[in-house]
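First comes the structure, then the notes that go with it.
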Amino acid sequence: MIRQITLPLIPLSLLSVVIAQNFEIPSNWRKPTPTPNRLDRLTLVDGLLNTVSRTLNSSGLFSGLTNTQTANMLCALAIGDYINSSTTSKDVVLNSLDTMFKLIPDIIGSEVPKVNSDPAIWGLAAIYAYTAYRDQVSLQYAQSMWTQLTKDLVTATTSSPRPSGTLNISATCNDASTAGAVFFIPDDPNNMGVNGETTAAFMALSAHLYAQTLIPQYLSAATLSADFIINHLYDGKIILDGMDAGSCSLSSTLVSYNSGFTIDGLSVLAPASGNSSYSSFLSKLISTAVVYPHWTNTANGVIIEGPEDENSATSNGFGVALKAILIRGLYQAYMRNLDNTDQADFIRGFITVQLNALLDLASVTGSNQYSPRWEGPPPKALLPWGQLAAADVLVAALGLADARNSSASPSPPVN
């Protein structure tokens, strides 16, 4: 999670670049062909869950993980149960949600500065829990986070300040509306920073809420935020980290989870809205974000984000622990559009590269302990952020095994 936003101006010309989609699997990707069978993959997921579930503390957090990192782990656990039609992690997921929402109803708590990405990501954890377990309280949690975030959602079509603020929000930047952006800092009315982490997670939350409830306001919000992201944060290859909604300047920070949340949300929004332009954009984004050299090693296809920036795999940094959000988004895109065989094969190959790196390079067989440095070496002790980074990969790999044997992609149930 980016706590400070730097905003050097990026030329408008970059935003007009459109890269043709290319789903050819690079010949130098390391082991893109699946190796563990379905049963072995389930054993891997169960092994990781056993190391995680016992670390839930009285505050609703997993020991060694932050507030937002815990929410991302809950997402992976709930998706794993949904894929496996099980309730293995149900008690852990629901207990964590219940504890957090009772202790800190707005989820933001005493963090300084307070950030809106926290309720957005906890909202996603709650809606994934509802999808997996049909737990009505989880749905209520997700809806409450969505309602809270709409207080900082840009909807104005004319320049005006945030409530209690004095600085004007630009109604348009580069001739496109700023409506759909979500402010990163909720308690500073003169902070104009909006970012991909918050806005894309809000878009994904809105899309999932619509898929589960069919309530039109969620579809409208998802569409509004998706259009903002496409018009302002897409540079032709990836989703940029943020923008100043007053000056229209863009952030230079490069992190994969902005693209990951966007892929997740658009995977749901595209079919829900029936807007083919979202499907086309999603395919372009997948084809370029996957191979982006800042986080994917062009020599072997393994994600390298995190440890190089944090100096050591034993340091818990946001790049280390949250890089698997890209994997989660890709899995959502995969399972919802198996008919696009080229895209599905490309995603399957990329996730399989990460799986085989985890098993061959970043862990010792049978240890169920994973280094956040997926090119290795294995960790000398259990690292909670290493487990978090691995969770979405192992869960997605389990889903890939099921999908290969299915004639249709699984669809989350709808009320």
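Read the figures in this text as sums done on the coordinates, not as results from a lab. Fair warning: this is a prediction, and the values are worked out from it, not measured in the lab. Heads up, the Cβs are rebuilt from the backbone with ideal geometry, glycines too, and the neighbour counts pull from every protein chain shown.
The modelled label-to-label distance for the pair Thr166/Lys151, using points 7 Å beyond Cα in the direction of Cβ, is 2.3 nm. For the chain, the longest principal axis of the Cα atoms and the long axis of helix 136-149 meet at an angle of about 40 degrees.
Which of Thr35, Ile185, Ile263 sits farthest toward the positive end of the charge dipole of the stretch 12-404, with +1 on the Cβ of Lys and Arg and -1 on the Cβ of Asp and Glu? So the residue we want is Thr35. Sparsely packed loop sites in the stretch 49-115 (the trypsin sites (Lys or Arg not before Pro) outside DSSP H, G, I, E and B with at most 16 other Cβ atoms within 10 Å) comprise Arg54.
With the simple spin-label model, which puts each label point 7 Å out from Cα in the Cβ direction, the Asp106 to Lys380 separation comes to 4.4 nm.
Extension gain for Tyr292-Asp188 works out to 34.1 nm (0.36 nm per residue, less the C-alpha to C-alpha distance). Restricting the calculation to Cα atoms, the stretch 184-333 yields a radius of gyration followed by a Dmax of 15.5, 46 Å. Return one number: the angle in degrees, 0 to 90 and rounded to the nearest 10, between the long axis of the Cα atoms of helix 67-84 and the longest principal axis of the Cα atoms of the chain. Roughly 60 degrees between the two axes. Amide H to amide H, with H built 1.01 Å from N, Ile239 comes under 5 Å of Ser259, counting only residues 5 or more places away or on other chains.
When the Gaussian network model of the chain links Cα atoms closer than 10 Å, the mean-square fluctuations of Ala381, Ala179, Ala120 top out at Ala381. A simple charge model with +1 on the Cβ of Lys and Arg, -1 on the Cβ of Asp and Glu and nothing else charged puts the dipole of the chain at about 520 debye relative to its Cα centre. Going through the cross-link list Lys31/Lys323; Lys237/Lys323; Lys284/Lys323; Lys323/Lys380; Lys102/Lys323; Lys114/Lys151, which pairs have a Cα-Cα distance over 25 Å in this structure? Beyond 25 Å between Cα atoms: Lys102/Lys323.
The modelled label-to-label distance between Asp175 and Asn300, using points 7 Å beyond Cα along the C-beta direction, is 4.7 nm. Relative to the dominant Cα principal axis of the chain, helix 384-404 is inclined by about 80°. Summarised in one figure, the compactness ratio Rg/Rh of the stretch 32-179, Cα atoms and Kirkwood Rh, is 1.10. Each part gets one Cα centre, and for the stretch 74-141 versus the stretch 355-393 those centres are 24 Å apart.
Computed over the Cα atoms of the chain, pair by distinct pair, the Kirkwood hydrodynamic radius stands at 21.0 angstrom.
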